[in-house]
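Heads up, the thing below is written out as structure tokens.
The values are calculated or read from the model by the stated rules, or taken from the named source; none is laboratory data. Small disclaimer: the values here were computed from a predicted structure and weren't measured. For neighbour counting, all protein chains shown are included, and Cβ atoms are generated from backbone atoms with ideal geometry for every residue, glycine included. Heads up: the accessible areas ignore ligands, DNA and RNA and are worked out on the full protein's heavy atoms, side chains in. Shrake-Rupley method; radii C 1.70, N 1.55, O 1.52, S 1.80 Å.
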Amino acid sequence: MGNNSDLTIARLAPLIRNKKVSPVELTKYFLKRIEELQPSINAYITVTPEAALSQARRAEREIMKGTYRGALHGIPINLKDLFLTQGIPTTAGSKVLSRFIPDSNAVIVDQLLDSGCIILGKTNMHEFAFGSTNLHSHYGPVCNPWNLSHISGGSSGGSAASIVSAQSLASFGTDTGGSIRIPAAACGCVGFKPSYERVSLNGVIPLSSSLDHAGPLSRCVLDAAILLDAIADLTLEQDTNRLIRAVRSGIRSLVIGVPRQYFFDRIHPEVRRCVLTAIGEFKQLGAKVCEVTLKGTEETARIAADITGAEAYAFHEKWLRSRPGDYGKDVRSRLEQSQGMTAAAYIKSIQDRLAYSRDFDQAFESVDLIAGPTLPVAAPPMSDRDTQIGRTREEVRTAMLRLTRPGNLSGLPAISVPCGFTKEKLPVGLQLIGRRFDEMTVLRAAYAFESATTWHKYFPEDSGKKQAAGSRK
């Protein structure tokens, strides 16, 4: 298949359309990769080789006869095991749903199948999406492809790990407190959380219905744009070529705000270096960079924890009463902590969230985008329960959520793109947050940065290459 970095939808789709690449052979390639790497990385819960090959053969027949559905026709992807899939188990990484086989698809799944996608299987995840490490699944932890002793990030850890290790071209995950962007940053791929309500959650097992988002994880920004366009309730563009031209239209008119407080308060020095270097790249690309103030960000952890806990407990109450032993200790403990929350406390947190969202929106009166780190640290070792940042220690789960939660509370579109590596050769992610329903500006800026640098081209099999000056082409 050539260089691992060439395995993108944007590169392969024209070749498939012109009958130069076979969807069947492409699917077989990824199925072989899954067979080889599943024992070590554990990215999948369920693999569906028969169904995938059947879909690939159908796609190939259609394309050979001149019927081409679009850029996703014949493209192999996977799904986080939170999306309902007809006739295929949907476990949510749990023992509770280990035997659950839906009789219908999630709306997103139907949209992807209608686009001609090939579904390779369902990816491993933190139990019921209630965690940021992906250590706690009843199907074993997901290992980081860059270092198997480190976490993949969660809860969509299997999705990110499968993409970076070339076990799929792309995936769809969910993001309640950062669960798309966290593993994308930890594993070194693109993770895009669109605006709240941009994508249907019908048929997606909820964690927190007012904070849940669904979106793509991919190997490059153009792939994320193509994937989002296929499933967004309001499409970005009606034509793939117009979509790509819009994403490539440059950023010279953009103003990018950098919130020095909170987002840069407690981060590892190597992460700071990578992210500030990346922000400096935007200046060279013609954008204006300035400081911006975000009010109330220190309260986001409390607000998000209250809302997530209350809404998650409401969904799980019946199983917690009848099957408490089927939950992992960490997830059951967090759910039970919300058992006694009063209606007044929940409503207060909802009101605080609305006030915070209004304050966040005000920041966009003077800037087009907000830039900062996705995570304060690179992916920690699986054995670590705490992580050292400067002179302070912080629980790994809390640290991984700290910089992504604001995007969920505000409901704004946010993307994580690779922007460097630490001395331990672990990826660092740059986060860009945009105005509500302005996904295109986020994609434009992310693509401009990606095109000017080489970080997105490095994958674990590219031994030694990731140490290259990594910076500008």
Which value, in Å to one decimal place, does the Kirkwood hydrodynamic radius take for the range 1-70 when every pair of different Cα atoms is included?
-> 13.2
To the nearest 0.05, the calculated FRET efficiency linking Ser209 and Glu298 through their beta-carbon distance, R0 being 25 Å, is 0.50
Is there a pair in Lys32/Lys329; Lys95/Lys425; Lys19/Lys80 whose C-alpha atoms are over 32 Å apart, and which pairs would that be?
-> Lys32/Lys329; Lys95/Lys425
Given charges at Cβ of Lys, Arg, Asp, Glu: the range 329-390 dipole, positive-most of Tyr346, Gly390, Ser357 = Tyr346
Arranged from highest to lowest average of other beta-carbon atoms within 10 Å per residue, in what order do the peptides 63-76, 186-199 appear?
-> 186-199, 63-76
Work out from phi, with θ = phi - 60° and the Karplus expression 6.51 cos²θ - 1.76 cosθ + 1.60, the ³J(HN,Hα) of each residue of the range 198-210, listed in order in whole Hz, and give x for Gly and Pro.
-> 6, 10, 5, 9, 5, x, 10, 4, x, 9, 9, 4, 8
Sum -39500 (n - 2.57) across every DSSP H segment of at least 4 residues in the chain, then divide by the residue count to get the 222 nm mean residue ellipticity, nearest 500.
-> -12000 deg cm²/dmol
Could you state, as a whole-number percent, how many of the C-alpha pairs of the range 314-447 are farther apart than 19 Å?
-> 66
Which percent of the accessible area of the chain is formed by carbon and sulfur heavy atoms (probe 1.4 angstrom)?
-> 49
Work out the length of the dipole vector of the range 33-91 about its Cα centre, built from +1 on the beta-carbon of each Lys and Arg and -1 on the beta-carbon of each Asp and Glu, and round it to the nearest 20 debye.
-> 300
Hey, of (1) 22.7; (2) 21.9; (3) 23.4, which did the structure itself give for Kirkwood radius over Cα pairs in Å when calculated?
-> (2)
What FRET efficiency comes out for the pair Arg69/Asp438, r = Cβ-Cβ distance, R0 = 30 Å, nearest 0.05?
-> 0.60
Which distance in nm do the two modelled labels at Val255 and Lys348 give, with both placed 7 Å along the Cα-to-Cβ direction?
-> 3.7
Report the calculated FRET efficiency for Arg99 and Ser40 (r = Cβ-Cβ distance, R0 = 35 Å), to the nearest 0.05.
-> 0.80
In nm², what is the average projected area of the convex hull enclosing the Cα atoms of the range 284-372?
-> 8.4
Mind ranking Tyr327, Tyr29 by accessible surface for me, highest first, 1.4 Å probe?
-> Tyr29, Tyr327
Note the full-extension length gain between Gln86 and Glu197 as 0.36 nm times their separation in residues minus their Cα-Cα distance, in nm to one decimal.
-> 37.6 nm
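What accessible area per residue comes out for the range 257-404, rounded to a whole number of Å², with a 1.4 Å probe?
48
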